[in-house]
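The values are calculated or read from the model by the stated rules, or taken from the named source; none is laboratory data. Remember, it's a predicted structure, so these values are computed and weren't measured experimentally. Cβ coordinates were reconstructed from backbone atoms using ideal geometry, including for glycine residues, and neighbour counts include every protein chain displayed.
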Amino acid sequence: MTTFKTLKPSTLDRDAFVHAFADIYEHSPWVAEKAYDLGQLDELDNVQTLHQRMSDILLSAPQADQLALINAHPDLAGKAAVQGELTASSTNEQAGAGIHQCTAEEFARFTSLNEAYKAKFQFPFIMAVKGSDRHQILASFEQRIHNDAKAEFAEALKQINQIALFRLQQL
């Protein structure tokens, strides 16, 4: 059982809880709101327990809410990254994968794949990039673009839940 290093969720009121966990799921505080509203806050002092609750909330949400959350994610090596418009978590995750070190050719490949992926699936490519480098990310991009829409939607949710776990482990 892993406890949080910087906070104790069971001691937080609803506003403080939502504030603390609002961006665990990119620009989607509704996940934190629902996690709090389910009660039994003492259990949520464990990282894995809170992650499971939040994951279950996402996976049981209406498809429209899931799609909105997927679309809240930035493109990897996209315009928002270049213009410094990412959340702090996204900036750190992309930098940790070395995306900021892309060559001009790699950046062009990311741009081309982002455009093709969004044209095919109508949402951005999502990958939990922690522990990966830009070459592994491009390889995953090139493989996953051949998936069908249903499989890729499910993969996007899986990756988002993995990103959430990484973010929770930092707290």
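A few remarks follow.
- Filter pass, Leu138 being farther than 30 Å from Leu44 by Cα, part of a helix (DSSP H, G or I) and of a type in the set (A, V, I, L, M): yes
- Scoring Asn147 on the criteria (1) surrounded by 13 or more Cβ atoms within 10 Å (Cβ to Cβ); (2) part of a helix (DSSP H, G or I); (3) modelled with pLDDT of 95 or more leaves a single failure, condition (2).
- Selection of first residues in the range 4-27 that are under 17 Å from Asn161 (Cβ atoms) and of second residues that are hydrophobic (A, V, I, L, M, F, W, C) and in a loop (DSSP other than H, G, I, E, B), restricted to Cβ pairs under 6 Å at least 6 apart or on distinct chains, gives the following pairs, ordered by first then second residue: Glu26/Ala72; His27/Ala72.
- Selection count, the range 47-62, where residues are in contact with a Phe, Trp or Tyr (Cβ under 9 Å, 6 or more places away or on another chain) and either surrounded by fewer than 16 Cβ atoms within 10 Å (Cβ to Cβ) or part of a loop (DSSP other than H, G, I, E, B) (or both): 1
- Flag if Glu106 is under 17 Å from Ile70 (Cβ atoms) and out of contact with any Ser or Thr (no Cβ under 7 Å at 6 or more places or on another chain): no
- The set of residues in the range 34-60 being over 18 Å from Arg167 (Cβ atoms) and of a type outside the set (Ser, Thr, Tyr) consists of Asp37, Leu38, Gly39, Gln40, Leu41, Asp42, Glu43.
- Any hit, the range 154-162, residues being at pLDDT below 95, under 19 Å from the mean Cα position of the chain (by Cα) and in a helix (DSSP H, G or I): no
- Test: residue in the range 7-24 that is of a type outside the set (A, V, I, L, M, F, W, C), crowded, with 16+ Cβ neighbours inside 10 Å and at pLDDT below 95: yes
- The set of residues from the range 101-152 being over 27 Å from Gln63 (Cβ atoms), in contact (Cβ under 8 Å) with a residue 40 or more places away in the chain and β-branched (Val, Ile, Thr) is empty.
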